[in-house]
Amino acid sequence: MNFAVISDNLLYFMVGSWPNGPIGGAALTVLLSLASALASAVLGLALGIALSQSKGWPGMALRTVLGFLRAVPVLMLIFWIYFLLPVVFGLDVPGVGAVTVALALIGGAYLAHAVSAGIDSLPRGQSEAARALGLGRWDALRLVILPQALPRMAPSFVNQWVALIKDTSLAYVIGVSELSFVATQVSNRVMVYPAEIYLFVAAVYYILCMIVEVGIGRAAARYRIRPA
Amino acid sequence: MALLVAACGGREGPDDRLAEIREAGVLKVAAFDSNPPFGFVDPETRRIAGLDVDYAQALADRLGVRLEVVPTNPANRIPLLTSGKVDLVLANFTITEERARQVDFSIPYFASGQQFIARKGVLTSPEQLNGLRIGVDKGTVNEINLRDKYPQATLIAYDDTPFAFTALRNGNVEAISQDGPKLIGVLAHAPNADEFEIPPFVISQDLIGVGVPKGQAALKAFVDQTLTELEASGEAQRIYDRSFGPQTRTPLARTYRIGQPAGAGASNLAPAA
Amino acid sequence: MFDGFLAPRYLAWLLEGFGVTLTLSALTSVVALGLGFILCMARLSPVRLVAAGAGLWLSAFRNTPLLVQLFFWYFGVSALLPENWTGWLNASHGDFAFGLGWPSFEFLAGFVGLTLYSAAFMAEEYRAGINGVPGGQILAGRALGLGSGVIWRRIILPQAARNALPPLAGQVMNVVKNSSLTMAIGLAELSYASRQVETETFRAFEAFGAATLLYILAVAAIEAASQVLIARDPLRRAARP
């Protein structure tokens, strides 16, 4: 195997056309991952709290929507947002935006369940005691429940963010110039080194995922959490 | 999420796209990124270049706006245009009646015929096609043509020509089908090109035009006029020579000129060497 | 947008694609469930080298995107294989059972890629299931003088299987969803078919809508089946008043 093709095109793999064009390659993968990780965390937290607090019809409706988001392939959701939203609502969504929204929605749906489970896993006595002390519902959440529940949910967040990093590769399908897309362009041009190129690309993703797993794993250890 | 939505903005509706382009200061064009010499990534500049991009640049220059090239594969050309994500499509876009229901076309600026690449000696006449595994590109007229004319052939559709050619080199298919000039471009860059050949027969004649959103009469008129002017000034010939001229890796005699009626001197392809 | 639904010909394409999705997912799930178990046992092996090797394998397949793995199996491996192998793999080898015919290279590569990817995740679910069995059970077994094999077969595995059933069902649902990625290597499954239909009819809404509906049906069916299996669990029945 000849890995010269990697070193010859390393800059393109790492940053795409930048600065001669928009940012791409591994750098764009990182940016997409960060954006959707943040969005999905916020969404998951909000929806998870809503899920654990709600009963009756609103709860069922929310559960149905979240269930839909977890049943649909990410690819299909990306197609919907990128191709059909403009036709239906007249909103023009750039590729990067479509992928971020799709990943945020799906990541948020999974995290909502994790957050809700984390909150529900606390002994009822905690929320009862908080109320007995006169704390309102939201204060009880903010000061008593969440600080205890969040560390328990940390492994779920880590798993979801690792999944997000991998799922950014699906942006390939709508022509976003992230790492998989850029690598395929190079492979198409040189033609004879697909194995080397895709091994290299896999290695880059692996490193990114490991950074999240190990980096956050260490932070979690400081809270003395046992990983799931 | 709200910020994202606000930043996206919306399109007013079928207003004058030409005026919108001038106002925005940018012309968005969909072009291929893996099909030399029509559209490919230049390793030096790390940007998309090629014959189609040269025409797009000429259009943008006439308008006095910046050119933004959006990479595409064949299947995404129409969706990108109809959803308003690009203003024009310059990506070896064959003019067909079926497509003309969804998009408008400019006058043709290139002509070619559908041909094949196969290992030497495998394919000598069109009748053999019915028994072969043939690689085609998703979303191209080539695919639809083959399915209509040679229904017994086994067709495997790929995202783009390089995928199909890789499959050919690995033995996953026995032949691939595309426009003749594109196939010449493929072989020019292939390392073991001498194992393959382009059989000299053609199974259809195609005219290639610029894809314009439906109903945008002013934009279409502008494109038509620019193309005609480019031919008259000799710029079209210069653009052609840059990609298919005698000094390039894909020398090919030019037999179609912009403004020629359809059918006259149709195929741009001299018999394959 | 909704002026008449898709012509029967296009519906047929979608259903054929759905058939490929189901076939691929079923075969993959069966093999991955088995391979995942083997990998899990390797990961828990007392032999350091085996455990470390399995750990590395699992880490590699779980932390790289499925799309890249599929590209590797389809383009990378077929470029590395000797030429007569690829010819053999592509040539038709007569009919399989049920007149299915020899699978295409796209199917083979998709099956290999999807199975290896999914097996790694299933291995982790098995491991979690095993770790979820209370340690006291094993000690009690030893105290009763039971041998290692018996402890594994009668005490650990049945409980581990019970623990792991819901997450494993989730992984099978993931197999169905992940099968959509094989469209990138040319396998004519449901997503590919929906794109084909959309290209020819320009009816994006109907094409994608029908495909999404079919995916949801498949996933819901798996969920329902797993609920039935859980409800039938004898321990659960015994625990009911």
Quiz item: Any number yet on Rg/Rh for segment B:155-224, C-alpha, Kirkwood?
Solution: 1.12
Exercise. Please give the average number of partner chain Cβ atoms lying within 10 Å of the Cβ of each residue in C:55-67, rounded to a whole number.
Key: 6
Practice problem: Normalising by the residue count of segment B:114-204, find the relative contact order in percent from Cα pairs under 8 Å and 6+ residues apart. | Solution: 46 percent
Quiz item: Against the longest principal axis of chain C, how steep is helix C:157-178, in degrees 0 to 90 to the nearest 10, with axes from Cα atoms?
Solution: 10 degrees
Practice problem: Sort chain B into rounded, prolate or oblate with this rule: let a ≥ b ≥ c be the square roots of the eigenvalues of the Cα gyration tensor; rounded if a/c is under 1.5, and if a/c is not under 1.5, prolate when a/b is larger than b/c, oblate otherwise. | Solution: prolate
Self-check item: Net lengthening on full extension, C:Ala220/C:Thr201 (0.36 nm per residue, minus Cα-Cα)
Solution: 4.0 nm
Quiz item: Based solely on its DSSP helices, what 222 nm [θ] is calculated for the protein assembly as shown when runs of n ≥ 4 H residues each add -39,500 (n - 2.57) and the sum is averaged over all residues, nearest 500 deg cm²/dmol?
Solution: -18500 deg cm²/dmol
Exercise. Quick one: net charge around A:Cys209, please, counting Lys, Arg +1 and Asp, Glu -1 for every other residue with C-beta under 11 Å from its C-beta.
Key: +1
Quiz item: So what is the relative contact order for chain C, in percent, with contacts set as C-alpha pairs under 8 Å and at least six apart?
Solution: 30 percent
Exercise. Enter the mean number of other protein chain beta carbons within 10 Å of the beta carbon of each residue in B:40-53, as an integer.
Key: 3
Practice problem: Under 18 Å Cα to Cα from B:Lys182, which lysines show up? Leave out anything in the same chain fewer than 8 places away. | Solution: B:Lys138
Quiz item: By how many degrees, between 0 and 90 and to the nearest 10, does the Cα long axis of helix C:190-201 differ from the longest principal axis of chain C?
Solution: 20 degrees
Quiz item: Order of A:Ser54, A:Ser17 from fewest to most other C-beta atoms within 10 Å?
Solution: A:Ser54, A:Ser17
Self-check item: Average other protein chain Cβ within 10 Å of Cβ, residues B:74-83
Solution: 5
Exercise. Label segment B:113-173 by shape, choosing from rounded, prolate and oblate, from the square roots a ≥ b ≥ c of the eigenvalues of the Cα gyration tensor; if a/c is under 1.5 it is rounded, and otherwise prolate applies when a/b is larger than b/c, oblate when it is not.
Key: oblate
Quiz item: Roughly how many nanometres apart are two label points built 7 Å out from the Cα toward the Cβ at C:Leu213 and B:Glu44?
Solution: 5.5 nm
Quiz item: What distance in nm separates the simple spin-label points at B:Glu20 and C:Leu146, each placed 7 Å from Cα in the Cβ direction?
Solution: 7.1 nm
Practice problem: Could you list A:Val65, C:Val219, C:Val228, A:Val5 in order of exposure, starting from the residue whose Cβ has the fewest other Cβ atoms within 10 Å? | Solution: C:Val228, A:Val65, A:Val5, C:Val219
Self-check item: Cα principal axis extents for chain C, largest first, Å
Solution: 70, 55, 34
Quiz item: Over the Cα atoms of segment A:4-222, how large are the radius of gyration and the largest Cα-Cα distance (Dmax), in Å?
Solution: 20.6, 71
Exercise. With a point put 7 Å past each Cα toward its Cβ, work out how far C:Ala51 is from B:Ala218 in nm, to one decimal.
Key: 7.4 nm
Quiz prompt | Kirkwood estimate for the protein assembly as shown, i.e. one over the average of 1/r between Cα atoms, Å | solution = 28.0 Å
Quiz prompt | Proxy reagent accessibility, fewest Cβ within 10 Å first, across B:Thr45, B:Thr161, C:Thr115, B:Thr154 | solution = B:Thr45, B:Thr154, C:Thr115, B:Thr161
Quiz prompt | Sorted peptide list for B:227-239, B:137-149, criterion being average Cβ within 10 angstrom, highest first | solution = B:137-149, B:227-239
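All of the numbers you see were taken from the coordinates with simple rules; none came from a lab. Predicted model only: the values in this text are computed from it and were never measured. With ideal geometry, Cβ positions are generated from the backbone for all residues, glycine too; neighbour counts draw on all protein chains shown.
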